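The values are calculated or read from the model by the stated rules, or taken from the named source; none is laboratory data. Everything quoted here is computed from the prediction, not taken from an experiment. Glycine also receives a Cβ, built like all others from the backbone with ideal geometry; neighbour counts cover every protein chain displayed. These area figures cover heavy atoms from the full protein model, side chains too; ligands, DNA and RNA do not enter into them. Shrake-Rupley method; radii C 1.70, N 1.55, O 1.52, S 1.80 Å.
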Number of protein chains: 2
Amino acid sequence: MTYAAPLDDMRFVLNELCDLPAIADLPGYQDTTPELTDQILGEAARLAGEVWAPLNQTGDREGCHLENGVVRTPDGFAEAYRAYVEGGWNGLAIDTDHGGMGLPLTLATAVQEMWHAANLALGLCPLLNLGAIQALIAHADQALLSCYLPKLVAGEWTATMNLTEPQAGSDVGEIRTRAERDGDCFRIFGQKIYITFGEHELAENIIHLVLARAPGGVAGTKGLGLYLVPKFMPGPEGRPGARNDLRCVSLEHKLGIHGSPTAVMAFGDNDGAIGYQVGEEFGGIACMFTMMNAARVGVGLQGVGVADRAYQRAVDYARTRIQSKPLTGGKEPVAIIHHPDVRRMLLTMRALTEAGRALSYYAMAQFDLAKRHTDPAVRDRAHARFELLTPVVKAWCTDVAADVASLGIQVHGGMGYIEETGAAQHWRDARITPIYEGTNGIQANDLLGRKLLRDKGAAMRDFIAELSATANDFAENPTTSELADAFEQSVDELEKATVWLLTNADSDLDAAFAGATAYVHLTGLVAGAWLTGRAAMAAAGNGQHAKFRNNKQLTAAFFAANILPQAGALSAAITGSGSTVVAFAADDF
Amino acid sequence: MTYAAPLDDMRFVLNELCDLPAIADLPGYQDTTPELTDQILGEAARLAGEVWAPLNQTGDREGCHLENGVVRTPDGFAEAYRAYVEGGWNGLAIDTDHGGMGLPLTLATAVQEMWHAANLALGLCPLLNLGAIQALIAHADQALLSCYLPKLVAGEWTATMNLTEPQAGSDVGEIRTRAERDGDCFRIFGQKIYITFGEHELAENIIHLVLARAPGGVAGTKGLGLYLVPKFMPGPEGRPGARNDLRCVSLEHKLGIHGSPTAVMAFGDNDGAIGYQVGEEFGGIACMFTMMNAARVGVGLQGVGVADRAYQRAVDYARTRIQSKPLTGGKEPVAIIHHPDVRRMLLTMRALTEAGRALSYYAMAQFDLAKRHTDPAVRDRAHARFELLTPVVKAWCTDVAADVASLGIQVHGGMGYIEETGAAQHWRDARITPIYEGTNGIQANDLLGRKLLRDKGAAMRDFIAELSATANDFAENPTTSELADAFEQSVDELEKATVWLLTNADSDLDAAFAGATAYVHLTGLVAGAWLTGRAAMAAAGNGQHAKFRNNKQLTAAFFAANILPQAGALSAAITGSGSTVVAFAADDF
């Protein structure tokens, strides 16, 4: 089966939960008319559903192959990527000054969900390109921008992030790849692993952003610089010229996303790969975080996309698979969608997917506010909220995606375990999302260390205050009054865990960080319930048709009654189990 | 890396939680001396670790191939199976009357965990054989037993379960394969799918137990008979003779357990496959349940085995992978086992695996008591407890296994997603266990429908009473006093959910069954905490060395503080969300 973008829900989340009309009214975004928004969503849905989605399963089966230094991506990927470039999709949310369409990131987020849902493997290529573009805009000098940005914004060239080395994964401070000065430029020497779309033929040039030890750089992260290293040196009229001294050594044999080449890259086998410094001499880490932060929300969104794809497939199967008579009687077997345990699985998939969608779009709306709002106080608050929620979007939406895709298999029964069915691929593909762009453990540490402890809980307390205010709104609204208590209780659990962490981290840092993953899950869960409840309220108060209204109310009720009670378990784990984790001796495992 | 059977924990669970000495004292089991037990565990560990385990990853990579009707299993599988047969392992717990060693099932359970941990794919072959042997012993006539049982007990011939057809999965009542009478025997016509080890060359003959519509059988399950259908008709001196009219049509392309051939089988392409009735004319379902129930605990045990294997691999990696400085300071990067989030993952894996081991062995101890105890009241109670826990062992241990294997990937970071590492295989392999031998949804319905509602909660109430009594013991014992409150609360949640289900099932069957999966999880969770706490008490009161004692206490404390709080969430989902599941219209998904 193919993929149909959930346009109704996307529009609803954009307009009702992210207030896209208000964002479209901000200076610089005023071209974003409702008509344009509709047109963009509709056209993206068509490309995603008709061109990208049918290549998802064939791409998985075929995989990528390295032959004489050339990477063959699956059949059809080049054409599908070409259609994306020709449609102008890559520059959707890049500022017009830099050759993009300058539309809100919030809107572009919905569009990106479609690429990831349609074809997670292919969607990775633009995802990394966009991260690199943001890093270049923020840090590169005008000469580099002039030479490279137009091609990257158009998508005619693609970009990669070269960070990881065998001994330097989560800890990039251990990087050994080095840059040597050579006149105005640098020579790069070293090997990088896990380079997504590190080599391919989809575009005529590939621009590698390489984190490497700068000449004279100290050990650790403070001695690192970021270097732009093109596969082909730009020649006259911007055509790719001479080959640079870099190559793809091998491709990884992965559990999933087989359509995406994951390369081991060698730089400087001969004279050194020519590279250009981006940003400050030793400012590689700052550049990396610009790139990473953009990509982190993107990976959370991948989670939402693959979860929705798995949900659509499971619903389709459950509607057509006839098996067993109803529990309540009846002479004939029925479609399994009528069996309560199957419905429970589908509703869980739906509620979690919709919550993830709402959360990731909401986070990007904060980004747009922080970027464009005229009131600096609003900008600052939105910026803090975006920073707070970035690791939550990445970690919660991706862990949820793996769970949702697993339910998708289970709905299929035995068929789910057969690769031809397609459900298993979503599960294999989804499993990378909690790992790359910073494992979810790293996200959890980011939330706890950089986002909670560093500002002594200010941004989190501001968020909790807003959640509490909404709990009151829920209580007073007939659509949400029944879930108000459960929601308020979950906010209390979040507050309790927050206070405990702020109070105890000083005295036992390890015990506090043993609860980091539970804390990122707790935050995601309560934020998801918040947005799910707000969706029910908004649907009731608005011109939505009765079915949509009713479904939003039931989904919110289900989320609050079935999923949200985990808040108590997570809070208990945070406050009660850290000391045991610390006490268990490393040698005794 | 290979696999080292956790002999210390296995012995501890057998002796302290299952009271193997008392079981070994029952009539018929009195040959089971401690020396023999030790010898058996040690020898099995050697065969599993040295012969079976090294073939796990190569078997996955190589897979099975059908060529001209012959199935090629991976290199080494035939020799590994031969070593198992020659060691006499297959008949370990088969009664001596039937050619086995007649040892307790409880002991055999520990041995079986080793086969599954070492090589889940290969372990399936004896698992199904043993299920078939139990069905034959319980239902077949003497002529069939004399002809087939010795070879099956020895493992020289293997057996299969032929149940599923494309339209008849969970609902075997829809089976269309039919038997026609032909003198003293029957002719079988039809096609079966998902036949594990349906065709292979590991043994010289394969005995298919085929569920088919008996001549004159009504529609539904009451018209089904079970037929023994050999691949080769037994010839003179028990050698395989003429080929029967059955063949392997194709093999499935599966997500995991690639070393295990999953066959589509065709019976009766020509004159009909010759088969012999097992049990009553229309008693196929009773025979099937005998076979299934044995296999269900076996599949739960597969979950335990693969979880332990994933745990061992993750610990090994976490000990050797150096990355990032400690949070609490230090100049050098350390092994990641020292980072709190990694320790939290490893301790979660350990606690869940040990709980699953304890639960599955405990269930089989009840089986032994029900079979051999001299007091009929003890037998009855043990039988009811075993019946109650069978779906829990199957569903909880396998869902837990998938989670544990997923944590195993996460501990490895990016390496976890690369197939060569091996962590991904455990996750793919584990994912079948919640599906086959009755999906976990079917297990949940079994627990709720057949085990709880049918006896109006008698067996569950008896279990809860025992849990409550232990809660008091926990409170009074210094080793467990700190976890006593959390445990008691979880027993209360189980009781609350039980009462709710017993009270509400009549008025809204669908809403009750929407909570079936949460109920099987809740039961498994509380039972797991019970055994984990009992383990801590037993280790403290016994001659265990200090480290073992301390680790059992910490593991129990961690289970109670970190994992057990989910009981409240599960109970809330059962009592609070069923009506929403029912209310969401099937057309609106």
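Any idea what % of Cα-Cα pairs in the range B:87-152 are farther than 16 Å? For the range B:87-152, the fraction of Cα-Cα distances above 16 Å is 46 percent. Taking 7 Å steps out from each Cα toward its Cβ at B:SER507 and B:MET233 produces label points 6.3 nm apart. Sorting B:TYR436, A:TYR29 by solvent-accessible area of protein heavy atoms yields B:TYR436, A:TYR29, largest first, with a 1.4 Å probe.
Charges were assigned to the Cβ only: +1 to each Lys and Arg, -1 to each Asp and Glu. The resulting dipole of the range B:400-453 about its Cα centre is roughly 260 debye.
The eigenvalues of the Cα gyration tensor, multiplied by 5 and square-rooted, give the range B:352-447 an equivalent ellipsoid with semi-axes of 34, 14, 9 Å from largest to smallest. Segment A:VAL378..A:LEU26, full-extension length gain: 125.5 nm, with 0.36 nm per residue of separation and the alpha-carbon distance subtracted. Relative to the dominant Cα principal axis of chain B, helix B:340-372 is inclined by about 50°.
Simple point charges give the picture: +1 on the Cβ of Lys and Arg, -1 on the Cβ of Asp and Glu, and for the protein assembly as shown a dipole about the Cα centre of about 200 debye.
With a simple spin-label model that places each label point 7 Å from the Cα along the Cα-to-Cβ direction, the separation between A:GLU180 and A:LYS222 comes to 2.7 nm.
Here the range B:415-459 was treated as a single set of alpha-carbon atoms; its pair distances binned every 5 Å from 0 give 5, 21, 15, 12, 11, 11, 9, 7, 6, 4, 0 percent.
Taking the Cβ of B:HIS65 as the centre, find all other residues whose Cβ is under 13 Å away and add up their charges (Lys, Arg: +1; Asp, Glu: -1). Residues close to B:HIS65 contribute a combined charge of -4. Other residues whose C-beta falls under 12 angstrom from the C-beta of B:ALA80 contribute a net charge of -3, scoring Lys and Arg +1 and Asp and Glu -1. With a cut-off of 15 Å between beta carbons, the residues surrounding A:GLY235 carry a summed charge of +1, where Lys and Arg count +1 and Asp and Glu -1.
Phi angles of the range B:450-458 translate, via the Karplus equation with coefficients 6.51, -1.76, 1.60 and θ = phi - 60°, into HN-Hα couplings of 7, 9, 9, 5, 5, 9, 6, x, 4 Hz per residue; Gly and Pro are given as x.
Evaluating 6.51 cos²θ - 1.76 cosθ + 1.60 at θ = phi - 60° for every residue in the range B:85-93, the Karplus couplings come out as 5, 5, x, x, 5, 5, x, 3, 10 Hz, glycine and proline recorded as x. The amide H of A:VAL278, built 1.01 Å from its N in the peptide plane, has A:LEU226, A:TYR227, A:LEU228 as neighbours under 5 Å, considering only residues 5 or more places off or on other chains. Rounded to the nearest 500 deg cm²/dmol, what is the calculated helix-only ellipticity per residue at 222 nm for chain A, with -39500 (n - 2.57) per DSSP H run of length n ≥ 4? Computed ellipticity for chain A at 222 nm equals -17500 deg cm²/dmol.
Each residue of the range B:511-518 was assigned a 3J(HN,Hα) from its phi angle through the Karplus curve 6.51 cos²θ - 1.76 cosθ + 1.60 (θ = phi - 60°); the sequence is 5, 5, 6, 5, x, 4, 5, 4 Hz, with glycine and proline shown as x. For the pair A:GLN167 and A:ASP38, a Förster radius of 51 Å applied to the C-beta separation gives a FRET efficiency near 0.55, rounded to the nearest 0.05. The alpha carbons of the protein assembly as shown give a radius of gyration and a Dmax of 30.1, 96 Å, in that order.
Against the main long axis of the alpha-carbon atoms of chain A, helix A:142-154 sits at an angle near 50°. Using the Cα coordinates of the range A:485-531, the gyration tensor eigenvalues translate into equivalent-ellipsoid semi-axes of 22, 11, 6 Å, sorted from longest to shortest. In nanometres and ascending order, the distances from the A:ALA219 label point to those of the other copies are 7.8 (point 7 Å from Cα along Cα→Cβ).
The residues A:GLU488, A:GLU237, sorted by heavy-atom accessible surface at 1.4 Å with ligands and nucleic acids left out, run A:GLU237, A:GLU488 from largest to smallest. If I fit a long axis through the Cα atoms of helix B:284-320 and take the longest principal axis of the Cα atoms of chain B, what angle between them do I get, 0 to 90°, rounded to 10? Once rounded, one gets 40 degrees. Taking every residue in A:166-173 and counting other chain Cβ atoms within 10 Å of its Cβ, the average works out to 4. In chain B, the convex hull through the Cα atoms has an average projected area of 28.2 nm², a quarter of its surface area. Once the Cβ-Cβ distance of A:GLU476 and B:ALA475 is raised to the sixth power relative to R0 = 60 Å, the FRET efficiency obtained is 0.85. The Cα center of the range A:36-54 and the Cα center of the range A:392-452 differ in position by 25 Å. Give, to the nearest whole percent, the P(r) tail of the range A:201-302 beyond 15 angstrom, counting all Cα pairs. Considering the range A:201-302, 71 percent of its Cα-Cα pairs are separated by more than 15 Å. The ellipsoid equivalent to the alpha-carbon distribution of the range A:88-243 has semi-axes of 27, 19, 15 angstrom, derived from the gyration tensor eigenvalues as √(5λ) and listed largest first. Distances between equivalent label points of A:VAL378 across the copies, with each point positioned 7 Å along Cα→Cβ, amount to 7.7 nm, shortest listed first. One equal scatterer on each Cα of the range B:1-97, no solvent, Debye formula: the resulting log10 I(q)/I(0) at q = 0.21 Å⁻¹ is -1.11. Size estimate for the range A:506-565 follows the Kirkwood approach: the inverse of mean 1/r over distinct Cα pairs works out to 13.2 Å. With label points set 7 Å from Cα along Cα→Cβ, the inter-copy distances at A:GLU50 are 6.5 nm, sorted shortest first.
Reported to two decimal places, what Rg/Rh ratio describes the range B:393-447 when computed on Cα atoms with Rh from the Kirkwood expression? If you can, show how the numbers build up before the last one.
Working: Rg = 12.8 Å, Rh = 11.7 Å.
Radius of gyration over Kirkwood radius for the range B:393-447 works out to 1.09.
Taking the Cα centre of the range A:14-102 as origin and assigning +1 to Lys and Arg Cβ atoms and -1 to Asp and Glu Cβ atoms, the resulting dipole is close to 380 debye.
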